[in-house]
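The values are calculated or read from the model by the stated rules, or taken from the named source; none is laboratory data. Everything numeric here is computed off the predicted structure, so don't read it as measured data. Cβ placement follows ideal geometry from the backbone for every residue including glycine, while neighbour counts extend to all protein chains displayed.
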Amino acid sequence: MVCSPSRSETASALNGAVDFDNLIQAHVPLAHYTSFRVGGQAEFYAEPSNLAETEACFAWYLQNLDGFPITILGAGSNLLISDRGIPGLTINTKKIRYYQAQEEAGILIASAGEPIARLAWQAAKRGWKGLEWAVGIPGSVGGSVVMNAGAHQGCVADRLVWLKVLDPDGTIHQLSPADLDYRYRTSNLQGGDRLVLEAAFQLEPGFDKEAVRAETNRNLKMRKSTQPYHLPSCGSVFRNPYPEAAGHLIEQTGLKGYQIGGAQVAERHANFIVNCGGAKAMDIFRLIHHVQEQVEQTWEILLKPEVKILGDFS
């Protein structure tokens, strides 16, 4: 489904309905907006709070920066941004937060900036099964949809019904999971400039609320007890090369606790790299490559990063 905004609406936004002096900022440090707490500046940065402002950001981009990169941020939990920053326009969807429930159908619809963990608790409160796995995911709905986030044998592709995306030219498309070429921790939205606006998830209503809450809470406690939530990280760094687990391979290579600068392979879970304090993006980048090299030499398996790496690391 394709829905095009009226040209008059876009023109109105460009002619004063949106305060671009406040919406579009230059040279904004991004470390605060990523869960690694590292990274340089965005050349231009925006935090739209609604659809009109988001469309206006894209219109400004086409008018001023067409041909330069456009980067979409959510919770910043699956990103490593270069210390040199990133060119072009960075759009952060964190202010676009809402959800609604279609009670009879058992469907939750959520905006791109809504935390996926919060959505999991909303489902649990209703006694709806299907998102218990998501309670420990540190990302947003938009990012989770783009990367097909998952845990505890569940993932976004299992529950997604439809999503809406905004193209840089202002066109809104409604897509189905079949349009995304979903695979393990990836989709064809990765690496593109489409912005996820909202997504709908089909859940299973009618279960005992306390039982669903208890299962959701067990998943959260398990993740907290086995993963280093007390230090900045991006979550899992590498995709699991099934049937092996990346964390097991890294641990058996003897890399737990290995450190470069302020970046360390976590003692609690070897598929996490943590910022022990004062880490640079380059420390993390170098540690990622060191882990890859050591695991490949030992096991003849090349680990593929799950984390998205942005900017110049040369």
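Residues that are among the charged types (D, E, K, R) and under 26 Å from the mean Cα position of the chain (by Cα) within the stretch 294-310 comprise Lys304, Glu306, Lys308, listed in sequence order. The residues on offer are Gln202, Gln227, and the sole one that is surrounded by 16 or more Cβ atoms within 10 Å (Cβ to Cβ), within 23 Å of Glu132 (Cα to Cα), at pLDDT below 95 and not charged (D, E, K, R) is Gln227. Residue under question is Tyr258, and the condition is that it be at pLDDT below 95 and either among the hydroxyl-bearing types (Ser, Thr, Tyr) or farther than 25 Å from Asn148 by Cα (or both); does it hold? So Tyr258 fails the test. Only a single criterion out of (1) surrounded by fewer than 19 Cβ atoms within 10 Å (Cβ to Cβ); (2) modelled with pLDDT under 95 is not satisfied by His289, namely (2). In the stretch 212-226, the count of residues that are hydroxyl-bearing (Ser, Thr, Tyr), touching a residue at least 12 places away in the same chain (Cβ under 8 Å), in contact with a helix residue (DSSP H, G or I) (Cβ under 8 Å, 6 or more places away or on another chain) and not assigned by TED's automatic domain parsing to the domain that holds Ala110 is zero. Close Cβ contacts (under 7 Å, 6 or more residues apart or on different chains) running from residues in the stretch 39-54 that are more than 15 Å from Phe20 (Cα to Cα) to residues that are of a type in the set (Lys, Arg) and assigned to a loop (DSSP other than H, G, I, E, B) comprise Gly40/Arg84. Pairs meeting the criteria (first residue in the stretch 13-25 and over 13 Å from Thr54 (Cα atoms) and outside the structural domain of Trp60 (by TED's automatic domain parsing), second residue surrounded by 17 or more Cβ atoms within 10 Å (Cβ to Cβ) and modelled with pLDDT of 70 or more, beta carbons under 7 Å, at least 6 apart or on different chains) are lacking. A single entry from Lys94, Lys129 fulfils the requirement of being charged (D, E, K, R) and within 14 Å of the chain's Cα centre (by Cα): Lys94.
What number of residues within the stretch 172-192 are crowded, with 18+ Cβ neighbours inside 10 Å and either within 20 Å of Asn92 (Cα to Cα) or modelled with pLDDT of 95 or more (or both)? Total satisfying the criteria: 6.
Could you tell me whether Arg268 is more than 17 Å from Glu306 (Cα to Cα) and assigned by TED's automatic domain parsing to the domain that holds Ala245? Yes; evaluated as a whole, the condition is true for this residue. Filtering the stretch 82-133 down to residues that are of a type in the set (Ser, Thr, Tyr) and either surrounded by 18 or more Cβ atoms within 10 Å (Cβ to Cβ) or in contact with a helix residue (DSSP H, G or I) (Cβ under 8 Å, 6 or more places away or on another chain) (or both), which residue is nearest to Ser314 (Cα to Cα)? In this case the residue turns out to be Ser82. The set of residues in the stretch 24-61 that are polar (S, T, N, Q), more than 26 Å from Asp83 (Cβ to Cβ) and touching a Lys or Arg at 6+ places or on another chain (Cβ under 9 Å) comprises Ser49, Asn50. Here the condition is being surrounded by 14 or more Cβ atoms within 10 Å (Cβ to Cβ), of a type outside the set (A, V, I, L, M, F, W, C) and in contact with an Asp or Glu (Cβ under 9 Å, 6 or more places away or on another chain); of Glu215, Glu244, Glu251, it holds for Glu215 alone. In the set (1) buried (at least 16 other Cβ atoms within 10 Å of the Cβ); (2) over 18 Å from Glu204 (Cα atoms); (3) of a type outside the set (S, T, N, Q), Asp169 fails one condition alone, (1).
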